[in-house]
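Here is the structure we will look at.
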Amino acid sequence: MIAGRSDYDVQVLLLEDIDSDADLIREALQQSGIAAEVRQVDRRDRYVAELEARRPDLVLADHSLSAFRGVEALHLARQRYPDVPFIFVSGGFGEERAVESMKEGATDYVLKDQLGRLGPVVRRALDEATRRRDQERAEHQLRLLADRLPSLISYIDPDSKYQFANEAYRRWFGLKPGELTGKRIWEVMGQAAYEAIRPFAVRALGGERVEFEALIPFKTAGPRWVSASYTPDVGPDGKIVGFFVLATDITARKVVEERNAFLSEATGLLLSSLGYETTLVNITRLAVPRVADWCSLCFEENGRIRPLEIIHQDPERIARLKSILSRYPLPPDLSFAYPKVLRTGTWDLVSEVTDDHLREAARNEENFELLRRIGFRSLLTVPLIVAGRTVAALTLANSESERRFTREDVAFAEELARRAALAMENARLYREVRRESEDRRQAVEALRDLNEHLEQRVRERTAELEEITRELDAFASTVAHDLRAPLRVMKAFSEILVEDYSGRTLDVVGQEYARKIDRASDRMAGLVDDLLSYSRLSRQDVPIHEVDLEVQVDAVVSDMGDELRAAEAEVAVERPLPEVWANEGLLAQVLANLVSNAVKFRAAGRPARVRIRAEADVDSVRLWVEDNGIGIDRKHFDRIFKVFERLHSQEAYPGSGLGLAIARRSVERMGGTIGVESEPGRGSRFWIRFATAPENP
Ligand code: ADP
């Protein structure tokens, strides 16, 4: 920057003991258009005081004061203000002296007899000072900026030497300011790390802008993921004079990415199969070596801790650990690792495994040595909780690698355990559902079997019942037959007693007894007859024909003429009556029974009125026999159709109790049904339902 003539407004400290010379110098400055405020001093003490009072923009000094050497003045000024231009203005200043003073650090020199040069020399010195100050400020600002940035920034020259590094870079390598500059890359990060970045450095020094992400094995920090960009620095002559490094430690991000990828892979694995034991084993496999050197799953079963799986990349080491654990299982009351986790249901982290830990775990000296040789350095154990119960413990362990588990790894491990537990829960539910549906399937099959057999069983049972009924009927019939003969004898002899011995040896009372025996034997004979015809009913063939009801009803009523007249009963038949499918003999018997009952059970003091009528339904006919007799309570409707069931004493209404039973069996054998509607005191209405067409033509 070239300033205009009047641009300078400078503070000048002038060391000069000859006032006339000082005036000349002032004049020379003025003539050059330099607006200067000149403070003149002529002694050392004044000079020092002035320097201390304020910073001058320029020092002009005579080299040869009587009591104060110019070189000392130069040193004093440089000490205090290294960047303030210092110009010697002297008389008799030899070339040699001039060079020497420049070496001492003077900015320039001007001879008193050449004061015309003073203006340009001062201008140049001031310009230079300004330029340098600006540059220094810019550099300072840049450094400040670079140091504030979290990224690692450095500048490396073609000899692989650091020229610059920001604070973050230095701190990352654990170096103090100034410890880095001039060092070579491999001295700072180690040979292995240098080999890893060398191809990128070579490309940057070839003029290419390089960006990369790589896992670099640093000497002290261990393997770290780094994202870096190398920008070549091209000098004025087009040559590459170095390259800028901008790097970020992305290990944390990479770990998160890797773990997310791991978790989603693990989840996929867990969901892919419902055989959870295999799945869990697969997960432990997946974890090694991606997230740990070792991974194991332990269950507690009947108070014993059982390792389901132990995984390491080296099968020989797995075998070694398994044999140690089977000889010396970890004590159940151990204050860390899976015994603790299975006991407490909470995670456990041992960032640094120490000998103290091994001593607590070991049962004896040999056990301790064996465990030490395995070389566990870091352990992280989390519980697998299913339905609120800790069912297993998942352990991640590091031995040979530099990895150490920290508090930050806990959440990840817990998440893994949570997903694994979920898979176990799913597998359990699936098994239960499958078992249930299997049970249901078996039940349905059993039911189907049962249904298939049911009809068969009903048929068999019916046949059995029919057989039993037939046997009972046959028995009843035999008994009835066998009863007949002694009955006839009883009757014959009671008749003889009454007819031949009355009035002779048999008095009146005796005669009455004999008559009673005779009546009883009559009744018994009737019973036996009824029983016989009842039992015969189930065995005999019952051919069905079309029968004219009217003809049948008329025949029965006329046959009963004497009985009806004796009872002063009237029978009204509502004509016409239809034709029905029936057996004439049985029908006549049933009709006779119903009409006879209608007359027999008449109410006292009321002559019996019987009405016979028919009622047509869709495919059947109902024949009603209605009376105005004593009626029947609804609760007896069923009973009266059963064998020997009677509602009255023999004295009140004589009978065998078989009439309606015979009627029902007869009607059923004709393919019909029989029933009654009645209320006590309001007469009874018996009905028979016939088919209008035969069931089995
Ligand atoms: P019984 O030989 O006694 O008449 P039944 O089997 O014919 O035997 O009748 C059974 C019982 O049903 C009778 O004892 C009687 O109590 C009752 N009963 C039958 N028909 C009538 C009717 N028309 N009115 C009232 N009760 C009747």
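The set of residues from the stretch 640-653 being closer than 18 Å to residue 590 by Cα and within 8 Å of the ligand (Cβ to nearest atom) comprises 640, 641, 645, 646.
Scanning the stretch 601-625 for residues that are touching a residue at least 40 places away in the same chain (Cβ under 8 Å) and crowded, with 20+ Cβ neighbours inside 10 Å returns 601, 608, 610, 612, 614, 621, 623, 625. Reported count of residues in the stretch 286-303, each being surrounded by fewer than 17 Cβ atoms within 10 Å (Cβ to Cβ), among the charged types (D, E, K, R) and either in contact with a Leu (Cβ under 8 Å, 6 or more places away or on another chain) or in contact (Cβ under 8 Å) with a residue 12 or more places away in the chain (or both), is 1. Taking residue 676, is it part of a loop (DSSP other than H, G, I, E, B), under 27 Å from residue 575 (Cα atoms) and not aromatic (Phe, Trp, Tyr)? No, not satisfied. Checked against the criterion of being of a type in the set (Gly, Ala, Ser), crowded, with 20+ Cβ neighbours inside 10 Å and in a helix (DSSP H, G or I), the stretch 96-110 contains one or more residues that satisfy it.
Going by the structure shown, is residue 682 assigned to a loop (DSSP other than H, G, I, E, B), within 12 Å of the ligand (Cβ to nearest atom) and in contact (Cβ under 8 Å) with a residue 12 or more places away in the chain? Judged against the criteria, residue 682 is a match. Condition check for residue 626 on (1) modelled with pLDDT under 90; (2) of a type outside the set (Gly, Ala, Ser); (3) near the ligand (Cβ under 10 Å from one of its atoms); (4) within 18 Å of residue 577 (Cβ to Cβ): one failure, at (1).
Checking each residue of the stretch 447-454 against the condition of being surrounded by 12 or more Cβ atoms within 10 Å (Cβ to Cβ), basic (Lys, Arg) and part of a helix (DSSP H, G or I) gives no match.
For the stretch 489-544, name all the residues that are free of Cβ contacts under 8 Å to residues at least 12 places away in the same chain and among the basic types (Lys, Arg). The answer is 504, 516, 519. Taking the conditions (1) within 8 Å of the ligand (Cβ to nearest atom); (2) surrounded by 21 or more Cβ atoms within 10 Å (Cβ to Cβ) in turn, residue 690 satisfies each one other than (1). Candidates 72, 16: the one that is surrounded by fewer than 19 Cβ atoms within 10 Å (Cβ to Cβ) and farther than 18 Å from residue 126 by Cβ is 72. Restricting attention to the stretch 478-511 and to residues that are small (Gly, Ala, Ser), under 27 Å from residue 526 (Cα atoms) and modelled with pLDDT of 75 or more, the residue that is nearest to the chain's Cα centre (by Cα) turns out to be 485.
The values are calculated or read from the model by the stated rules, or taken from the named source; none is laboratory data. The shown structure was predicted, so the numbers you read here are calculated from the model rather than taken from an experiment. When we count neighbours, we look across all protein chains shown, and the Cβ atoms used for this are built from the backbone with ideal geometry, even at glycine.
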